[in-house]
1. Which order do peptides 34-47, 362-375, 111-124 fall in by mean Cβ count within 10 Å, highest first?
2. If you build a Gaussian network model of the chain, linking Cα atoms that sit under 10 Å apart, which residue out of Ala200, Ala393, Ala360 swings the most?
3. Provide the per-residue ³J(HN,Hα) series for region 118-135, in order, calculated from phi with Karplus coefficients 6.51, -1.76, 1.60 and θ = phi - 60°, each as a whole number of Hz, with x at glycine and proline positions.
4. Once a ≥ b ≥ c are taken as the square roots of the eigenvalues of the Cα gyration tensor of region 34-121, is the result rounded (a/c under 1.5), prolate (a/b larger than b/c) or oblate (a/b not larger than b/c)?
5. If the cut-off is a Cα-Cα distance under 17 Å, which aspartates and glutamates reach Lys181, setting aside same-chain residues fewer than 8 apart in sequence?
6. What's the angle, to the nearest 10 degrees (0 to 90), between helix 386-396's Cα axis and the longest principal axis of the chain?
7. Where the centroid of each part is defined by its Cα atoms, how far is region 45-86 from region 213-254 in Å?
8. May I have the extent of the alpha carbons of region 348-444 along their three principal axes, as whole Å values ordered from largest to smallest?
Amino acid sequence: MTDIPPLAVLFVASSFLRWYHVSMRQSELFTRTRREAPKDETSKNAQFLIRGGFVEKVMAGVYALLPLGLRAHQKIEAIIRDEMNALGGQEILMPSLHPKENWEKTGRWGTYDSLFRFVSYYSKIEYALGPTHEEIVVPLVQKQNLSYKDFPFAVYQIQTKFRDEKRAKSGLLRGREFSMKDLYSFHASDEDLDTYYEKAKASYRKIFQSVGLGHVTYPTFASGGSFSKYSHEFQTLTMAGEDSIYICDKCDVAVNKEIIADTKNSCPDCGNGSLREEKAVEVGNIFKLKTKYSAPFGLRFKDEKGEEKNVIMGCYGIGLTRLLGTIAEVHHDDKGLVWPESVAPYRAHLIRLGDDEKVAKFADEVYKEFLEKNIEVLYDDREASAGEKLADADLLGMPYRVVVSAKTLRQAQGGHLEKKKVELKKRGEENVVLLDAKELLKQIS
């Protein structure tokens, strides 16, 4: 047997992974679409995501991400990770299993309403499943023996959280198990925290713009608890939301209903009293923790003068599965989902109609060209009726629908044989155009 050079193996492996990543034949997709929504789901996000085979409900408040849903989740994850890295965040991964004593130190073991608590069958030790990670990240940082020269810095993770919600509802918008990005920043002064906080606020605006929610998402003044006057939530307008917010169109910010009386029913930025009320869902929040969690653990440092001080902290969260559900809630019509291009599982949905040999051959050629151009494509090569395929395309909601059929090939012929054509339609629009393969790839890419 001839030895294969290591570089050749690497090239073959990387090429395979690249092709697998950008393409999928629908005939090989193990999930199935459904005509009817589950009877126990009333929210649009859950109905369409389950019908399309993006997620599957395991039990109340717990959903499995299937191949298409996971791809969309990974797109969201990549957008968030890029912004967190740009903020100087260092990615880590902390455990979901938390020791009771850490939560006792902060006084939250008996006061955190949605904390999952349990006793080990063997050791009889009490643990919690992490709904948030202040109790883990602070002692983790404390063990690094940091000096004042090490500040500021920030760490973040994208990880599964658990919250014992009294009533899981609204599909992915309120669950008991969900993925979340949480970033924690550490500072030597309040002024430094304030500066970083404003950078994080701007970064969050970019994230929600990038995932297709910028036009309906508002930085919202909320309670700052005992550490600051205000915190900021990021609220996305949708009738499926549980929150009521009051929007100042002049400043492009909002006030949560919980504190509207504290702001004297006016905008904290400009004093405008003409605020409009809307329903919204919270998709992110940023909070100045100050020394709330550093003090109980004794997370301190010595400044330039040798004086010992508590470390100042901030925290910044985004629920990824909630964001996935919110995108579905905002971007849909009566036929199905209408994915923003930035987070769509695939950029194009190539659909072969009919079993004609010439049609199948040309559809395969178009598919191959998509792959060669590294354009993400879902190829519907199934043996199914035209009506079923087109209905599924609307339900799945990829940004571009490309149809190859006997009709598109006939339309490509006049007095003499012309270039083979395909039908291109953008999801959510009625306009359909006929293009040859070269024009198609240019327009989509």
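1. Result, highest mean first: 362-375, 34-47, 111-124.
2. Ala360
3. Couplings: 7, 10, 4, 4, 8, 8, 6, 7, 8, 9, 10, 9, x, x, 6, 10, 4, 5 Hz.
4. oblate
5. Cα-Cα hits under 17 Å: Glu77, Asp82, Glu83, Glu91, Glu134, Glu135, Glu233, Glu282.
6. The answer is roughly 20 degrees.
7. Region 45-86 and region 213-254 have Cα centres spaced 24 Å from each other.
8. Here the Cα extents, ordered largest to smallest, are 38, 28, 26 Å.
A short reminder: the numbers here are calculations on the coordinates, not readings from a lab. Given the structure is predicted, the values throughout are model-derived calculations rather than measurements. Cβ sites come from the backbone with ideal geometry, for glycine too, and all protein chains shown count toward neighbours.
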